[in-house]
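Visitor: Pasting in a structure now, in structure tokens, and then I'll have a few things to ask.
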Amino acid sequence: MSLDLSISHAALKPSEGLDDFTKGMIAAVNGMLLDILAVVARKDYEDRRRRQAEGIAKARNDGVYKGRPADAKLRQRISELLADGKSIRKVASLLECSTTTVQRVKASL
């Protein structure tokens, strides 16, 4: 709700004295405003993601972006526990990491 928009503010006022047509119009306009705001927010989100991806691609081409480095200590501990015969789930619970992380390390062995 925006206090600057008389339409949305009117929706919270007591609707005494308003005819059914006016009530319906206020509800329709409020719904349309929410839809428009949702579309604008989604477009803004997608634009930010696209610009971020373009920046990362440019940095990779320039040799500047290398991504987040792997946690060498965690990878070593995972390798050790897997070598001891522990299951993927057991290793993940012991080291408090995801099973996906354990599977990636196992695949790289």
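Visitor: Which order do the peptides 40-48, 78-86 come out in when sorted by mean C-beta neighbours inside 10 angstrom, highest first?
Guide: Details: 40-48: 10.0, 78-86: 14.4.
Going by the mean number of other Cβ atoms within 10 Å, highest first, we get 78-86, 40-48.
Visitor: Give the peptides 87-98, 61-72 in descending order of average Cβ contacts within 10 Å, highest first.
Guide: Numbers: 87-98: 14.0, 61-72: 8.7.
Highest to lowest by the protection proxy: 87-98, 61-72.
Visitor: Something else about it: Excluding same-chain residues fewer than 8 positions from Lys43, which lysines have a Cα within less than 25 Å of its Cα?
Guide: Partners found: Lys58.
Visitor: So if each residue of separation counts as 0.36 nm, and I subtract the Cα-Cα distance between Ile36 and Arg48, what length gain in nm does that give?
Guide: Details: separation 12, 0.36 × 12 = 4.32 nm, distance 1.84 nm.
Additional length available on full extension: 2.5 nm.
Visitor: Next question, about the same structure. Work out from phi, with θ = phi - 60° and the Karplus expression 6.51 cos²θ - 1.76 cosθ + 1.60, the ³J(HN,Hα) of each residue of the range 93-109, listed in order in whole Hz, and give x for Gly and Pro.
Guide: 6, 5, 9, 6, 10, 7, 5, 5, 4, 5, 5, 5, 5, 4, 5, 7, 6
Since every read-out is calculated from the coordinates, none of them should be taken as a lab result. Just so it is clear, the model here is predicted, and its values are computed rather than measured. Every residue, glycine among them, receives a Cβ derived from its backbone with ideal geometry; neighbour counts consider all protein chains shown.
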